[in-house]
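What follows is one structure encoded as structure tokens, with my remarks underneath.
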Amino acid sequence: MTVHKLTIEPLDEAIDVAEGQTILDACLRAGVYLPHACGHGLCGTCKTQVLDGEFDFGEASPFALMDFEREEGVVLACTATLKSDVTIEADVEEDPDARKIPVRDYVGKVVAVDDLTHDVKGVRLALDDGPIDFQAGQYINLFLPGVDGSRAFSIANPPSDAAHVELQIRRVPGGAGTGYIHDTLKVGDTLSFAGPQGRFLVRKSRGGPLLFLAGGTGVSSPRSMVLDLLAEGYGEPITLIHGVRTKADLYGHEEFEALAARHPNFRYVPALSSEPEDSDWAGARGFVHDVAKGLFGGVFEGATAYLCGPPPMIEACIATLMQGRLFEKHIFTERFFTAKDCAEKPKSPVFRRL
Amino acid sequence: MSVKKLGLKQRYAHMTRGLDWETTYQPMDKVFPYDSFEGIKIKDWSAWEDPFRLTMDSYWKFQAEKERKLYAVIDAFAQNNGQTGITDGRYANVLKLFLTGISPEEYQAHRGFAFAGRHLRGVGPRVAAQMQSLDELRHIQTQIHTISHYNKYFDGIGEFPHMHDRVWYLSVPKSFFDDARSAGPFEFMIAIGFAFEYVLTNLLFVPFMSGAAYNGDMSTVTFGFSAQSDESRHMTLGIEVIKFLLEQHPDNLPIVQKWVDKWFWRGHRVLGLVAMMMDYMLPKPVMSWKEAWQIYYTEAGGALFQDLARYGLRPPKYADIATAEAEHISHQNWAIFYQYTHAAAFHTWAPDAKHMDWLSEKYPNTFDKYYRPRWEMWNQMAKEGKRFYNMALPQLCQCCQIPMGYTEPGDPTTICFRSSQYKGETYHFCSDGCKDIFDAEPEKFVQSWLPVHQIFQGNCGGATIPDVLNYYRLANGADNMDYVGSPDEKLWNEWQADKLKTAV
């Protein structure tokens, strides 16, 4: 199969596009949002300027894409396909906080496999061939022996510890990848991975209070982000709410409590959703979104929120934040686009990223 | 040193916001007098996200090319006698319904967006509303030009602007837009920009345009393509408006919710005309109204309202009733037109056996049980020379202005009647949805111009049917009555005979 390179200005990001794959499909799958609506060449919402390269207009309606635009190299991203490597200028906003770090292949040696809880392992990889450059919040694609494809895991350590990659991995019942890590992986093994990936990162240039809402092992990215922020002296209030089911599922709290004691601007709130009523747990009880609502009196205006965890938790948190007057521009979530997300259920155009 | 090229968004900002100014000779509140009485609070107009990047200078260029392409197709259609290539002469009645019922509303939308484009304080929405205003003007012009060719051959089209202000069923879409245009600029934007152009537009345009495609009407199909590139801009604007209002101030939520409830229901009532068109009027049907409702409202609207729920907005009140009515509304509407065919400016007919089988297949829960027996009875009566006409004037709903022919939710054999008292008078409604709308704004709706009331009050040319038809400028014996026996049918049959001769 022929693969062409698509460079997207002004992001200066390059992605692979298969022969016959549309520009829009390739961008959405790579996590680059382009405005679009009808998806089949009739409306013209996804107009995109080609700066360089050979392409095919596809089935673009003559009323959606004018002749004079075609002469100027304007295409509809939802119908246009590539005939060579192509550079486009898309209607995307530059992100002043995103660094351009090329994805590379790495090999890490397992130096620790710890039981963080009854079903979460902490895996620490040492990068003997040189450090990895990444931004706090990004993830890697990990390859496991005998397991098809790769598995995505967030990096839990801060970028300052560039010689290591730490992962927090919960056993997915029946899961081949996490099963291998829980049952087979041992200290001294080597694993290969590709990274860093993703645009889940702290928009430091915005300033202001930060709110991290994490569910289960979704706390790994926020850990990296919080450690990074505190180390460089971020002075605004930072709140981390980490939700798990019971006390037995909670981990990392000693470290976060120590950080909170040292940094007056950092508040750490572990929250248990299914802890037995009569236990000795004196901390917060309930789901992350409810605990956040109580903590902030239901008003989140002015903050920037970072959400990482299972989809139902993220959905509940988005609704709580929005009803507390924090909107899409100020909410960031960890989300992976898959072919399934793009195709299956009808999606409304109300939100771009969320 | 080279200057960094501006991004699309920045370039657009310079060509729109960069051209705005704060007035000094007069205070801004006097220049924009209508953007506060509705209770909508805007803290920061600059937070408006321009949903598309089209500046006025390039707007003209785009629209000019669209026009050139459309008129080339219309000319070719006329020169090749495209009207003889449609599936059946009955199809022309779909165009009559569109031109008399929908096209004048394009003009109303043009006027409404011109008002919003003048009276919204933020420059972003003002530019967008101005473009949409011009789009709507272009749409009515191209619709008139597209359909005018049919006017050379078929009856009922020629007096459409005159009819729009008078004829009983045309008051349904007319009152819908009159209501929106006499509201404030924010309600207009939610009513037409969001509820009509976003939530319901696919239930209006797709059925007409795909109906045209299925029935050999290429000039209307081309008009549809030409409009669709504008429609996507309108839909994007509708979404941006509702987001902007909900994000600007928490007090806006209950106001927006009330408007969403109101305009969903009003729109649903107007779309009943499309429902009967899809199920009864297309010689070659595309899909049933029930199927269209499932795709465009239940699925697409479901995804939309699921997302909007994050703002605390609920799906429209009575959406469940509207969904249940999708089983009935087309059958009930077409039955009304069949009974009052003498007062309609298009032709009617009872479905034949083959078409009734199609309806049975599409409506397994309702058609055979409730509607087939009536059509079979009416067909039998017509065969015996006793074609049924309803000679009594119907009671109209004070809100939607549709004859009170709809049935109780969950009980398709009982007519639904609701009423309210206001200042000693009784007002009648077809549904809880329409009653709620009246009860929220009685002073507005007591002023409704109800065609039947007007006839009784002696304002429509006289007391007899010919008097009223004359007042409508409806040519008795040509524009009205059944298709069978009409001048339209005679002409169509001549064309078919000519084709046979040519073939031999």
Quiz prompt | Expected-Rg normalisation [2.2 N^0.38 Å, Cα atoms] applied to the protein assembly as shown | solution = 1.10
Quiz item: Which peptide among B:324-334, B:465-475, B:50-60 comes first, and what is the full order, when sorted by highest mean count of other Cβ atoms within 10 Å?
Solution: B:324-334, B:465-475, B:50-60
Quiz item: What is the Cα convex hull volume of region A:134-214 when expressed per residue in Å³?
Solution: 113
Quiz item: In nm, to one decimal, how far is the A:LYS5 label point from the A:GLU232 one, both placed 7 Å along Cα→Cβ?
Solution: 2.8
Quiz item: If all Cα-Cα distances of chain A are sorted into 20 Å bins from 0 onward, what percent lands in each bin, rounded to whole numbers?
Solution: 27, 54, 18, 1
Quiz prompt | Cβ-defined net charge surrounding A:GLN323, 15 Å radius [Lys, Arg +1; Asp, Glu -1] | solution = -2
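Given Cα pairs under 8 Å that are at least 6 residues apart, what percent is the relative contact order of chain B?
Working: 639 pairs, mean separation 85.0, N = 504.
17 percent.
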Exercise. For region B:149-258, restrict the atom set to alpha-carbon positions and state the Rg and Dmax in Å.
Key: 17.3, 56
Self-check item: Rounded to whole Hz, the Karplus (6.51, -1.76, 1.60) HN-Hα couplings of region B:179-190, x for glycine and proline
Solution: 4, 5, 6, 8, 8, x, x, 6, 5, 4, 5, 6
Exercise. Quickly estimate the mean residue ellipticity at 222 nm for chain B, helices only: each DSSP H run with n ≥ 4 gives -39500 (n - 2.57), and the total goes over all residues, rounded to 500.
Key: -16500 deg cm²/dmol
Quiz item: Where the centroid of each part is defined by its Cα atoms, how far is region A:190-268 from region B:222-273 in Å?
Solution: 40
Quiz item: Based on the Kirkwood radius over alpha-carbon pairs, what value in µm²/s does the Stokes-Einstein equation return for the translational diffusion coefficient of region A:140-269 at 4 °C and 1.567 mPa s?
Solution: 80
Exercise. Among A:LEU76, B:LEU137, rank each residue by its count of other Cβ atoms within 10 Å, from fewest to most, as a rough exposure measure.
Key: B:LEU137, A:LEU76
Exercise. Enter the mean number of other protein chain beta carbons within 10 Å of the beta carbon of each residue in A:36-44, as an integer.
Key: 4
Quiz prompt | Within region B:11-131: Cβ-based charge dipole about Cα centre, in debye rounded to nearest 20 (Lys, Arg +1; Asp, Glu -1) | solution = 80
Quiz prompt | 26 Å Cα-Cα reach of B:LYS96 towards lysines, excluding residues that sit fewer than 8 places from it in its own chain | solution = B:LYS66, B:LYS69, B:LYS152, B:LYS174, B:LYS284, B:LYS290, B:LYS354, B:LYS362, B:LYS490, B:LYS499
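Between B:LYS258 and B:GLN454, 0.36 nm times their residue separation minus their Cα-Cα distance comes to what?
On the way: separation 196, 0.36 × 196 = 70.56 nm, distance 3.04 nm.
Contour length minus the Cα-Cα distance gives 67.5 nm.
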Quiz prompt | Local net charge near B:GLY211, Cβ-Cβ under 14 Å (Lys/Arg +1, Asp/Glu -1) | solution = -1
Quiz item: Taking the Cβ of B:TYR12 as the center, what net charge do the other residues with Cβ under 9 Å away carry, scoring Lys and Arg +1 and Asp and Glu -1?
Solution: +3
Practice problem: Give the order of A:MET225, A:MET322 when sorted by the count of other beta carbons within 10 angstrom, beginning with the fewest. | Solution: A:MET322, A:MET225
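Using +1 on the beta carbon of Lys and Arg, -1 on that of Asp and Glu, and nothing else charged, what's the dipole of the protein assembly as shown about the Cα centre, debye to 20? It would help to have the intermediate numbers written out before the result.
Numbers: 85 positive and 110 negative charges, 230 e Å.
Dipole of the protein assembly as shown, to the nearest 20 debye: 1100 debye.
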Self-check item: P(r) of region B:1-135 over all Cα-Cα pairs, binned every 10 Å from zero, in whole percent
Solution: 9, 26, 28, 18, 13, 6, 1
Exercise. With a bin width of 5 angstrom, please list the P(r) values of region A:3-73 as percents of all Cα-Cα pairs, from the 0 bin to the one holding the largest distance.
Key: 3, 14, 28, 27, 20, 7, 0
Quiz item: Applying the Karplus parametrisation 6.51 cos²θ - 1.76 cosθ + 1.60 with θ = phi - 60° to the phi angles of region B:25-42, what ³J(HN,Hα) value in whole Hz is obtained for each residue in order, glycine and proline being reported as x?
Solution: 5, 10, x, 4, 4, 7, 6, 10, x, 9, 9, 10, 5, 7, x, 6, 10, 10
Exercise. Using DSSP, restrict attention to beta bridges with both residues in the protein assembly as shown and report what percent are antiparallel, rounded to the nearest 5.
Key: 65
Quiz item: Just the Cα atoms of chain B, one point each, no solvent: what log10 I(q)/I(0) does Debye give at q = 0.05, 0.10, 0.11, 0.13 Å⁻¹?
Solution: -0.21, -0.82, -0.98, -1.35
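Laboratory data are not the source of any read-out in this text; all were calculated from the coordinates shown. None of the values given here were measured: they were computed from a predicted structure. Backbone-built Cβ (ideal geometry, glycine too); neighbour counts: all protein chains shown.
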